[in-house]
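None of the figures in this text is laboratory data; all of them are computed from the coordinates on show. Just so you know, these numbers come straight off a predicted model, no measurement behind them. Because the Cβ atoms are built from the backbone with ideal geometry, glycine has one as well, and the counts that use them run over all protein chains shown.
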Amino acid sequence: MAQASSLTRARRRSAWLFLTPMLVILACVAGWPLLRTFIFGFTDANLSDLGGYSFVGFENFYAVYDGEKFGLLADPEWWQAVWNTIYFTVISVSLETVLGIIVALVLNQEFKGRGLVRAAVLIPWAIPTIVSAKMWNWMLHDQFGIINDLLMSLGLIASPVAWTANPDTAMVAVIMVDVWKTTPFMALLTLAALQMLPSDCYEAARVDGIHPVRVFFKVTLPLIKPALMVAVIFRALDALRVFDVIYVLTPNNPNTMTMSVYARQLLVDFQEVGYGSAASTLLFLVIAFSIMAYMMIGRVRLDEGGH
Amino acid sequence: MNRNVKSLMMKAGFYLLVAAIVIFAVFPFYYAILTAFETGSALFDVNYLPESFSFSNYLSVFEGQPFGRNIFNSIFVSVMVVALSLLMGVTASYALARVKFAGRGLLLVTILSVSMFPQVAVLSGMFELIRAVGLYNSMFGLAISYMMLTLPFTVWILTAFMRELPRELEEAAVMDGASPWTVITRVFLPVMWPAMVTTGLLAFIMAWNEFLFALTFTLTNEQRTVPVAIALISGASQFEMPWGNIMAASVIVTVPLIVLVLIFQRRIVSGLTAGAVKG
């Protein structure tokens, strides 16, 4: 007994030894920069002279001078960015989930060429976001784009639409590209969940002659729901921090500017590191609270995960 | 008879759905390849089938900017961070998956939350750090920032894989008095290499596609990675975008990725599901 516990202790010691390099690196490249961003959020730092700053308290977040309100919480552009981010996240993740389930159900059937179809579905996922944004930018081109050509020859639109420039369609374009790019992720995760289901309950349902749509909603969906929820959360957290696709597809467009895009514009383009860091901090808090809320509601136990 | 017609209709509808999925998934890339082969006025005539085969876009994309150098940069920085992440990831995930110790759950949650950080939340701090160590506008500076993305991801996925391995695997070695380092190198590495290939590939794709850090922490054309180079290809004016060049560059950097993904299809799916479903 005494020997076993000394063995366990030795194992624990070496475990920490193995963890140390990783933890040190993470502390340097994630913990420290995050902490500095929090601190910058309370200063008037400027990108041209990053060292020379002074603390300004909560002024970047909220301040009132002579009855006039300042700070992010009184900044209409910030609130527009918050709204855009939420709108983008809700619509694109919902569409991706529904389309992903449909694709997964198709791929779960036995048919000729299934391997090829699955390979084809993976292609959008493999393409870098910047490249997919550029490809769609070209397809959505107002004068020479194939989408306008297609829609006009089908008689769906009368004149070319400036998809990415028009305030009404810019967000539609961004969501379209995002849905195209990330539906494969949802489909693959859903497919993996579907393939782990026991087949006997389907046999029973088929023998009883229950309509397949009813089987899906009564049997399949409840069974894959836990896996689906995890995928939705992963995607939603990803969507809340969206940057690349919007930066490339609709640059400087207030109708699609998300929190990440707005914060980077403040930090780099306007060089206002203090104000921009405050915006980054708020975005971080939004995502942190989303994760915590999910953990509380879902009661995910990470330590025992998988068993 | 009626039943036959109905099942035939169902079948036709199913294959129609399959066709729609395939077209939706593949068409944008197909159209990029089509465009990359077109020059002059052919570029601005919408066509659905290939009409011209000119390689001039593929050549001129290397002339207008240091695109060869950009490709080298992307490969260099991605390989570097993948190697470092795997090295640290495999030992760390052994500790996290096979050894029980106080605070393990909390540590796992922390690592997972780092991989969910919005990149922009560390942007100003990371900028200051990279400038302080004198690596602004350098591939090494970029590698430092990429570790924040690839390391927690690698540890997380490898831990999920490592957990699945049977207890008996290491028990015999531990009983024989093998050190943990021996257990990792002699017992786990031989069975872990498929998982390492998967994780390495996913981390490589992550680093290869990264945009925000590469855009912010590099300044000159020579130091840019591929995604930034493509995003910044521009013409003489907003109305003279060299779409042929952009599409050629896109095809060049995407084809190797697609080939890799298709070869390692099953592995990638297992890696993605290990990372997400096991959470």
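Key figures
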| quantity | calculated |
| --- | --- |
| Per-pair calculated FRET efficiency, R0 = 22 Å: residue A:13 and residue B:191 via Cβ, rounded to 0.05 | 0.35 |
| Cα long-axis angle, helix B:265-277 against chain B (0 to 90 degrees, to the nearest 10) | 60 degrees |
| Cα-based Kirkwood hydrodynamic radius, the protein assembly as shown, one decimal, Å | 25.9 Å |
| Of B:268, B:21, B:130, the one that fluctuates the most in a GNM where chain B has Cα springs shorter than 10 Å | B:21 |
| Proximal lysines relative to residue B:100, as straight alpha-carbon distance under 27 Å, when same-chain residues fewer than 8 apart are discounted | B:278 |
| Once the Cα gyration tensor of the stretch B:141-279 is diagonalised, semi-axes √(5λ) in Å | 41, 17, 11 |
| Gain in span if fully extended, residue A:218 to residue A:296, counting 0.36 nm per residue against the direct Cα distance | 25.4 nm |
| Around residue A:56: net Lys/Arg minus Asp/Glu count, Cβ-Cβ under 13 Å | -3 |
| Top of B:131, B:167, B:267 by mean-square fluctuation, Gaussian network on chain B, Cα under 10 Å | B:167 |
| In chain A, lysine pairs closer than 29 Å at Cα, eight or more apart or cross-chain | 5 |
| Whole-angstrom gap from the stretch A:231-267 to the stretch B:97-163, using each part's C-alpha centre | 21 Å |
| Cα gyration tensor shape for the stretch A:144-256, rounded if a/c is under 1.5, else prolate or oblate | oblate |
| Near-label residues of the stretch A:135-178 by backbone N, under 18 Å of a point 7 Å along Cα→Cβ of residue B:49 | A:150 |
| In sequence order, calculated HN-Hα J values of the stretch A:161-178 (Karplus, 6.51, -1.76, 1.60; Hz; x Gly/Pro) | 9, 8, 3, 7, 9, 5, x, 6, 10, 4, 5, 4, 4, 4, 5, 4, 5, 5 |
| Peptide A:112-125, shielding by other chains (average Cβ, 10 Å cutoff) | 5 |
| Helix B:67-98 vs. chain B, principal-axis angle (Cα, 0 to 90°, nearest 10) | 30 degrees |
| Whether chain A is rounded, prolate or oblate, judged on the alpha carbon gyration tensor where a/c under 1.5 counts as rounded | oblate |
| Sequence-distant aspartates and glutamates (8 or more away, or on other chains) whose Cα lies within less than 19 Å of residue B:11 | A:110 |
| Long-range HN-HN contacts of residue A:43 with modeled amide H, under 5 Å | A:56 |
| Folded to 0 to 90 degrees: helix B:104-114 orientation relative to chain B principal axis, Cα | 20 degrees |
| In Hz, Karplus ³J(HN,Hα) per residue of the stretch A:280-287 (6.51, -1.76, 1.60; θ = phi - 60°; x = Gly, Pro) | 4, 4, 4, 4, 4, 5, 4, 5 |
| The stretch B:124-279: relative contact order in percent, alpha carbon pairs under 8 Å with at least 6 residues between | 31 percent |
